[in-house]
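Report on the following structure.
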Amino acid sequence: MLDAWAVPPHVDVLFVGAHPDDEYQSLSTFGQWRERLGLTTGVVTVTRGEGGGNAAGPEKGAALGRIREAEEREAVAHAGIRDVFYLDRPDFWYTLSAPLTARAWGPDTLRRMVETIRATTPTTVVTMDPRPFNQHGGHQLAARLAVEAFRLAADPAAFPETGAPWRASRLLTQNWGLRGPVGPGCATAGLRDPATGLPQLGVWEGVRSPRHRGTWAQRERDAERAYRTQGFASRPAKVAGPFGCDWFSVVFDGGRPVAAPVVEQAGLRPLYAEFRDWARAVGLPWLANRAQPDYPEPPATTLPVAGRAPVLDGVASPGEYAGPALRLAHWEGERCAAADCAATARLARHGDDLYVQVEVTDEARGAALGECERHWRTDAVEIALDPRGDSDDTSTTFKLGVLPYTARGGPCAARDADARQGPAPRVRVAAAAHHGGYGVEVRIPLALLPAPPAALRANVLVYDSDTEDRTGQTRLAWSPFGSAQADPYVWGQVRRG
């Protein structure tokens, strides 16, 4: 515990992230600040990343968390960082919801963060982006807590048991999505974020390090490759320019908020309305500017009723699926030719069961996993169902990951990133390999859905891997906007046939 230290370490800069590796895209900046300005940096990591995947071995849970801690300490050392503080909140399935994450992390996390700021007395706090679209809920919440803790650490009435008040001067949030200029001029471009209107601090990655005899972009890549469990060791060892900047939004300066014009949005969905209310409550309403994107019209299809139950053999035989084939489009990752990664899906209902058949074109086979979990690391199919059609996160949906093959030979299916993740004993799955790809077929009892399918929304996704290193290359989806696997607002409409 921080309050047990006899001499708490002082740092000039404190980074707050949710998982080991959240800091790596800013290590070029932290290394430069240390080398050029003599500023020390510490890292606060809210979880140990034990709920994520493992591309390097079989470990999971607490054992994986210990490995990821070691990877983080190895990575940040490339930027001269020694102090890493863990708050040991639970890392659980992938969600886009900060409120859902808050329920898992609990109210004590804010107190622990205030305690850490007071113990380390930084001048600058750097954190992630708190905005909700297309971003991990843990990242959002870590940023929200950092914003709140930045202010509360200076308030003598807030958590007085955690030490003397400390007023940091500057709060920065990472802005990974900003597309600014490249070259050394990016650091003096004077940009403002097009959404929030906040000024941007740019730190050029192409600066050469006299000590390390290379660019800080290369030093950051060396650090990134330390995250072997996350598959980052497969990234190219050498980087080449032209190099851009690490971008940060300046949220507080001189201990005071940096103001920007407020842009109100009408018709906010609940997830974005909640974020707007939070931004107002912390006195930074401009953070919610344009937070809700212009969602495209989702795709739609009909769910035909089959006269007889489809035979579970991985193939859509004549007469089994009367509805149209749903073509999946590129969603994330590398784009590839149709001969290497393409897919269609078909749906049917028979009695109290939903049948889904997915036909995948795939020239190269990925790794055969030993366990039926974390399917996104290799070739896999995912089926996402929102029975009521009004979910704000996946906790009230049904999500199923399907592996067409495993180290044991056959296919398997398991629930993922919903409120009942794990084995799916009543689900039946079959797979059929063929030249140039594979097919999977799944029977899902409708009774497994968290509610009767009154206004069903769905998405079907394919993960494509062409390597044995348990990392994916390409992702396809029927409805491919944003975070297609975790944002029910995106999923397509399935009407009764």
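Considering only residues that are surrounded by fewer than 24 Cβ atoms within 10 Å (Cβ to Cβ) and in a loop (DSSP other than H, G, I, E, B), which ones fall in the range 36-47? Show your work before the answer.
At the first step, the residues of the range 36-47 found to be surrounded by fewer than 24 Cβ atoms within 10 Å (Cβ to Cβ) are 36-40, 42.
The answer is GLY38, LEU39, THR40.
Hey, could you check the range 406-416 for residues that are in contact with a Phe, Trp or Tyr (Cβ under 8 Å, 6 or more places away or on another chain) and in contact (Cβ under 8 Å) with a residue 24 or more places away in the chain and say which is surrounded by the most Cβ atoms within 10 Å (Cβ to Cβ)? Break it down into steps so the answer makes sense when it comes.
The initial filter retains those residues of the range 406-416 that are in contact with a Phe, Trp or Tyr (Cβ under 8 Å, 6 or more places away or on another chain), namely 411, 415-416.
Filter once more, so that each one left must be in contact (Cβ under 8 Å) with a residue 24 or more places away in the chain: 411, 416.
Working: PRO411: 23, ASP416: 25.
Once the filter is applied, the top-ranked residue is ASP416.
If GLN493 satisfies every condition in (1) in a strand (DSSP E or B); (2) crowded, with 20+ Cβ neighbours inside 10 Å but one, which is the exception?
(2)
Pick from the range 229-240 the residues that are assigned to a loop (DSSP other than H, G, I, E, B) and not β-branched (Val, Ile, Thr): which of them is nearest to the chain's Cα centre (by Cα)? Before the answer, list the steps.
So in the range 229-240, the residues assigned to a loop (DSSP other than H, G, I, E, B) come out as 231, 235-240.
Checking which are not β-branched (Val, Ile, Thr) leaves us with 231, 235-238, 240.
On the way: GLY231: 15, ARG235: 19, PRO236: 22, ALA237: 24, LYS238: 25, ALA240: 26 Å.
Here the answer is GLY231.
Starting from the range 155-166, keep only residues that are on the phi > 0 side of the Ramachandran plot, then list their pairs with residues that are surrounded by 10 or more Cβ atoms within 10 Å (Cβ to Cβ) and of a type in the set (Gly, Ala, Ser) whose Cβ atoms are within a distance under 8 Å, requiring at least 6 positions of separation or different chains.
GLY163/ALA119
Being aromatic (Phe, Trp, Tyr), in the same structural domain as GLU59 (by TED's automatic domain parsing) and either closer than 30 Å to ARG144 by Cβ or not in a loop (DSSP other than H, G, I, E, B) (or both): is that true of PHE243 here? First the steps, then the outcome.
Details: aromatic (Phe, Trp, Tyr): yes; in the same structural domain as GLU59 (by TED's automatic domain parsing): yes; either closer than 30 Å to ARG144 by Cβ or not in a loop (DSSP other than H, G, I, E, B) (or both): no.
In short, no.
Take the residues in the range 105-128 that are touching a residue at least 60 places away in the same chain (Cβ under 8 Å), out of contact with any Lys or Arg (no Cβ under 6 Å at 6 or more places or on another chain) and not aliphatic (A, V, I, L, M); name whichever of them is nearest to ASN289 (Cα to Cα).
Restricting attention to the range 105-128, the residues satisfying the condition of being touching a residue at least 60 places away in the same chain (Cβ under 8 Å) are 109, 112-113, 115-117, 119-128.
Within this subset, residues satisfying the condition of being out of contact with any Lys or Arg (no Cβ under 6 Å at 6 or more places or on another chain) are 112-113, 115-117, 119-123, 125-128.
Within this subset, residues satisfying the condition of being not aliphatic (A, V, I, L, M) are 112, 115-116, 120-123, 127.
On the way: ARG112: 29, GLU115: 31, THR116: 30, THR120: 32, THR121: 31, PRO122: 29, THR123: 27, THR127: 19 Å.
So the residue we want is THR127.
For the range 220-239, check the following and say yes or no: at least one residue is at pLDDT 95 or above, in contact with a Phe, Trp or Tyr (Cβ under 8 Å, 6 or more places away or on another chain) and more than 30 Å from GLU71 (Cα to Cα).
no
Looking at the structure I just gave you, is ASP313 assigned to a loop (DSSP other than H, G, I, E, B) and charged (D, E, K, R)? Explain how you work it out, then say what you get.
On the way: assigned to a loop (DSSP other than H, G, I, E, B): yes; charged (D, E, K, R): yes.
Criteria met by ASP313.
I'd like the full set of residues that are over 25 Å from VAL311 (Cα atoms), out of contact with any helix residue (DSSP H, G or I) (no Cβ under 6 Å at 6 or more places or on another chain) and either surrounded by 23 or more Cβ atoms within 10 Å (Cβ to Cβ) or of a type in the set (S, T, N, Q) (or both), limited to the range 439-471. Show your work before the answer.
Filtering the range 439-471 for residues over 25 Å from VAL311 (Cα atoms) gives 450-451, 454-455, 464-471.
Narrowing the set further to residues that are out of contact with any helix residue (DSSP H, G or I) (no Cβ under 6 Å at 6 or more places or on another chain) leaves 451, 454-455, 464-468.
The answer is ASP464, SER465, THR467.
In the range 45-85, which residue that is of a type outside the set (D, E, K, R) and under 16 Å from the mean Cα position of the chain (by Cα) is nearest to PRO9 (Cα to Cα)?
Our first condition is that a residue be of a type outside the set (D, E, K, R); within the range 45-85, this holds for 45-47, 49, 51-58, 61-65, 67, 70, 75-81, 84-85.
Checking which are under 16 Å from the mean Cα position of the chain (by Cα) leaves us with 45-47, 49, 51-54.
Details: THR45: 16, VAL46: 18, THR47: 21, GLY49: 24, GLY51: 29, GLY52: 30, GLY53: 32, ASN54: 32 Å.
Ranking the qualifying residues of the range 45-85, first place goes to THR45.
The values are calculated or read from the model by the stated rules, or taken from the named source; none is laboratory data. Note that the coordinates shown come from a computational prediction; the quantities given were computed from them, not determined experimentally. Don't worry about glycine lacking a Cβ; one is built from the backbone with ideal geometry, like all the others, and counts go over all protein chains shown.
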